[in-house]
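Computed from the coordinates by the stated procedures, all read-outs in this text should not be read as laboratory data. Because the structure is a prediction, the values reported are computed rather than measured. Cβ placement follows ideal geometry from the backbone for every residue including glycine, while neighbour counts extend to all protein chains displayed.
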2 protein chains.
Amino acid sequence: MIRLYDYMPSGNGYKVRLLLTQLGVSFERIELNIIKGETRTPEFLCKFPNGRIPAVELDDDKLLFESNAIILYFAEGTPFCPTDRFQHAQVLQWLFFEQYSHEPYIASVRYLVTHPDLPDPRRAILETMMRPRGYDALGVMERHLKSREWFVGERYSVADIALYAYTHVAQEGGFDLAGYPAIRAWLERVKSQPQHVPITQS
Amino acid sequence: MIRLYDYMPSGNGYKVRLLLTQLGVSFERIELNIIKGETRTPEFLCKFPNGRIPAVELDDDKLLFESNAIILYFAEGTPFCPTDRFQHAQVLQWLFFEQYSHEPYIASVRYLVTHPDLPDPRRAILETMMRPRGYDALGVMERHLKSREWFVGERYSVADIALYAYTHVAQEGGFDLAGYPAIRAWLERVKSQPQHVPITQS
């Protein structure tokens with residue numbers, strides 16, 4: 001049985017929960033509270049040196065971390081990942097965009113806004129840099145989705161799952177999606193996929 | 001002929017230059033000055049909506065951005081990327097680690113330190129957050145390399161190329177690698193690979 005180390009409010013964890021559910025793959029979820037440092041214990045760091053969730057232990061004791069590497073691992077060879085070489089590269093392009101230009105702003109602003117009592121140096125740049133860069137990422141997505149139903153090719157893929165994870169809860173960080181109609185329509189399409197589960201349900 | 005939109009001091013651009021050179025693949029390099037906004041022109045944004053280099057135009061006018069998606073595209077099916085399913089996932093794991101936990105700190109500190117006159121909100125968190133997180137990333141690498149020659153499996157791969165790009169110039173941002181002997185030995189191994197080129201030479 002796959003063991004998924006997870007934290008329920010995490011969009012990065014949600015990517016893995018959502019994909020495995022849609023693939024019909026069983027997994028055991030182990031909840032760790034990142035606020036309480038449960039991913040920085042010696043035992044966890046020994047297995048996963050980066051000290052972050054999500055992380056998975058596969059049946060044969062193989063260990064893997066990084067949400068987008070995990071979802072690609074499970075998606076390869078399924079309808080959630082294209083086989084065409086260039087489309088496959090486009091999926092990777094959007095997954096790296098998500099981790100570099102989207103998550104550090106949209107997810108981190110949500111985290112800071114929903115944990116107002118936690119000290120964090122990033123509060124100094126929340127409104128001057130993080131929020132504007134979050135809107136930059138939304139702008140890139142909106143322009144891309146204006147003429148497309150899905151991020152890559154003609155079907156739902158892990159690129160959509162990765163970008164959905166924090167976009168659909170962006171308003172919890174105070175992002176206003178009113179000016180992003182193509183994103184809002186795409187969020188509805190993702191939500192209506194078979195076996196979709198919400199972020200707070202495994 | 002592959003067209004690579006690039007900026008010579010960029011470690012992200014260097015990843016692509018280094019891999020294509022080692023693969024023996026010809027390419028035309030188009031230098032854009034990111035400081036002067038040359039990646040934010042309407043013409044560039046029309047092709048590459050994220051407004052960042054490196055980005056490539058393939059022979060058949062296909063467009064791709066995100067450095068790690070580009071190097072994976074070219075590395076698949078070559079000795080620079082493992083075919084074993086789990087090792088392939090480990091390469092992806094380290095590429096996402098590089099873009100999420102390494103580059104935003106080690107590369108960005110180098111950028112801020114080497115451009116002292118450019119205003120940037122991140123200067124407010126340079127020493128309180130960015131530099132410590134850069135050392136965190138180096139610590140993860142050091143522990144991993146203590147018992148290994150390469151990041152994945154028994155050979156040099158794009159995981160090594162991606163992590164080499166900014167680690168080997170980390171001292172330009174004031175990072176001290178004296179306490180990281182395994183990283184320093186690995187840097188020498190990467191540098192001694194056939195057809196290696198330095199960052200400032202295409």
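Between the amide H of A:Ile30 and those of A:Leu4, A:Tyr5, A:Asp6, distances stay under 5 Å, these residues lying 5 or more places away or on another chain, with hydrogens modeled in the peptide plane. The alpha carbons of the range B:2-75 occupy a box of 32, 27, 19 Å along the principal axes, longest dimension given first.
Inter-copy label distances at A:His115, using a point 7 Å along Cα-to-Cβ, come to 3.0 nm with the shortest given first. A label point on B:Ile30, set 7 Å along the Cα-to-Cβ line, lies at 4.9 nm from each of its counterparts in the other copies, closest listed first. For A:Asp61, B:Asp160, B:Asp117, the sequence from fewest to most other C-beta atoms within 10 Å is B:Asp117, A:Asp61, B:Asp160. Counting from the shortest, the label point at B:Pro194, 7 Å from Cα toward Cβ, is 4.8 nm from the same position in each remaining copy. Ordering A:Trp186, B:Trp150 from the fewest to the most neighbouring beta carbons within 10 Å gives B:Trp150, A:Trp186.
Chain B residue nearest by beta-carbon to the axis mapping B to A, with distance in Å: B:Ala124, 2. With one equal scatterer per alpha carbon and no solvent term, the Debye-computed log10 I(q)/I(0) for the protein assembly as shown at 0.07 1/Å reads -0.30.
Toward the positive end of the charge dipole of the range B:85-191, with +1 on the Cβ of Lys and Arg and -1 on the Cβ of Asp and Glu, the farthest Cα among B:Thr114, B:Met141, B:Ala124 is that of B:Met141.
Residues B:Val190, B:Val158, ranked from the fewest to the most other C-beta atoms within 10 Å, line up as B:Val190, B:Val158. Pairs of Lys residues in the protein assembly as shown are counted when their Cα atoms are under 19 angstrom apart and they lie 8 or more places apart or on different chains; the count is 10. Overall form of the range A:160-202: oblate. Here a/c, set by the Cα gyration tensor axes a ≥ b ≥ c, is 1.5 or more, and a/b is not larger than b/c.
Run the dipole for the protein assembly as shown about the Cα centre, Lys and Arg Cβ at +1, Asp and Glu Cβ at -1, nothing else charged, and hand back the magnitude in debye, nearest 20.
Value, rounded to 20: 380 debye.
When the Cα positions of A:Leu32, A:Gly13, A:Leu45 are compared along the charge dipole of the range A:1-46, A:Gly13 comes out farthest toward the positive end, with charges on each C-beta of Lys, Arg, Asp and Glu.
Once you order the gyration tensor axes a ≥ b ≥ c over the Cα atoms, which shape class does chain A get: rounded for a/c under 1.5, otherwise prolate or oblate by comparing a/b with b/c? Oblate is the answer for chain A, as a/c is 1.5 or above yet b/c matches or exceeds a/b.
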